[in-house]
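Student: Take this structure first; my questions come after.
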Amino acid sequence: MLNINHLSFSYEENLVIENVSFEVKNGEILGILGLNGAGKSTLLNLVAGFLPLAHGTIQFQYAPLSQQSIAMLETHNYFYPHLTAQEYLHIFIKKEKLVDIQAWAAMLDIPLNQEIENFSTGMKKKLALLSILILDRPVMIFDEPFNGLDLESSFLLKEIILKLKAKGKIILLTSHVLETLTGICDRILWLKRGNVERIFEHDSFGNIEKILKEDWTKLDTLHHLL
Ligand SMILES: Nc1ncnc2c1ncn2[C@@H]1O[C@H](COP(=O)(O)OP(=O)(O)OP(=O)(O)O)[C@@H](O)[C@H]1O
């Protein structure tokens, strides 16, 4: 169980996460949706320990969450351009896992001996994905993981996430595509201006689009503009 309790976070004076609490059970996928700037990445970076936690607590199995229990696929991935994919992956693994890497890389079409500088956006995404899969942590965060992936890779990633769920992993996932979230998540948290506006249970997924649209006020402006 992952327990997020009363998290708040500011970039200088700008409060972007405000008293956020929620929990995710083992083997559960929690989706997080929200408009641009709602605070999704900030929230996930806080949970992953990439941002300093000044207010609130994060517990895993009722103890403070350690960095060794969590892995996160970030929206943007940064690499040393002159490393090969294999050299990069070796940062994350022990030698005995080499065989697994070769099988995974073959499946994901990652050329292990090529320098990352020559990789496309999708290839970099898959390399980052492979690095967090190798880490094999109980809490896994995917921040817009499907962005930049081709159809086959997206299909594979969905299956990978579902298998991780079946293994009991705790999964947090963001996407701007509602169908992506409803197709894979057990519950969906709506983050609005840094606050938990609502958590949708699976049986209410059919209402999400209508409820979100009721919250949007831009359509009148659009009618005036066009
Ligand atoms: N490094 C930063 N320094 C200062 N402000 C930041 C920084 N990163 C994000 N912000 C601000 O924090 C708020 C939340 O940003 P965040 O990236 O968490 O939103 P998001 O929901 O992930 O957005 P998107 O859907 O566009 O990716 C925004 O107002 C943004 O301008």
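Student: Which pairs do you get when a residue that is at pLDDT below 95 and among the aromatic types (Phe, Trp, Tyr), found in region 34-53, comes within reach of a residue that is part of a helix (DSSP H, G or I) and more than 8 Å from the ligand (Cβ to nearest atom), reach meaning Cβ atoms under 7 angstrom, with the pair 6+ apart or on two chains?
Tutor: none
Conditions tested, residue by residue: (1) of a type in the set (Val, Ile, Thr); (2) part of a helix (DSSP H, G or I); (3) surrounded by fewer than 19 Cβ atoms within 10 Å (Cβ to Cβ).
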| residue | (1), (2), (3) |
| --- | --- |
| Glu152 | no, yes, yes |
| Glu159 | no, yes, yes |
| Thr182 | yes, yes, yes |
| Ile199 | yes, no, yes |
| Ser204 | no, yes, yes |
| Glu214 | no, yes, yes |
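Student: Taking region 127-171, which residues are polar (S, T, N, Q) and farther than 19 Å from Leu43 by Cβ?
Tutor: So the first thing to find is which residues in region 127-171 are polar (S, T, N, Q), and the list is 131, 147, 153-154.
Across region 127-171, the qualifying residues are Ser131, Ser153, Ser154.
Student: Look at region 1-25 and say how many of its residues are closer than 27 Å to Glu201 by Cβ, part of a strand (DSSP E or B), more than 9 Å from the ligand (Cβ to nearest atom) and out of contact with any His (no Cβ under 8 Å at 6 or more places or on another chain).
Tutor: The total comes to 8.
Student: Among the small types (Gly, Ala, Ser), within 20 Å of Ile161 (Cα to Cα) and either out of contact with any strand residue (DSSP E or B) (no Cβ under 9 Å at 6 or more places or on another chain) or loosely packed, with under 13 Cβ neighbours inside 10 Å (or both): which single residue out of Ala128, Ala106, Ala71 fits that description? I'd like the intermediate steps shown before the answer.
Tutor: Values: Ala128 fails: either out of contact with any strand residue (DSSP E or B) (no Cβ under 9 Å at 6 or more places or on another chain) or loosely packed, with under 13 Cβ neighbours inside 10 Å (or both); Ala71 fails: either out of contact with any strand residue (DSSP E or B) (no Cβ under 9 Å at 6 or more places or on another chain) or loosely packed, with under 13 Cβ neighbours inside 10 Å (or both).
Result of the check over Ala128, Ala106, Ala71: Ala106.
Student: Which of the residues spanning region 138-148 are crowded, with 20+ Cβ neighbours inside 10 Å and away from the ligand (no atom under 16 Å from the Cβ)?
Tutor: Val139, Met140
Student: Among (1) among the aliphatic types (A, V, I, L, M); (2) more than 24 Å from Pro64 (Cβ to Cβ); (3) under 14 Å from the mean Cα position of the chain (by Cα), which single condition is Leu222 missing?
Tutor: Failing condition for Leu222: (3).
Student: Is there a residue being under 23 Å from Val16 (Cα atoms), in a helix (DSSP H, G or I) and within 16 Å of the ligand (Cβ to nearest atom) anywhere in region 164-173?
Tutor: No: zero hits.
Student: Given the condition in a loop (DSSP other than H, G, I, E, B), more than 17 Å from Leu2 (Cα to Cα) and within 16 Å of the ligand (Cβ to nearest atom), answer yes or no: does some residue in region 66-74 qualify?
Tutor: yes
The values are calculated or read from the model by the stated rules, or taken from the named source; none is laboratory data. Please read these numbers as outputs of a predicted model, since none were measured by experiment. Neighbour counts run over all protein chains shown; Cβ positions are idealised from the backbone, glycine included.
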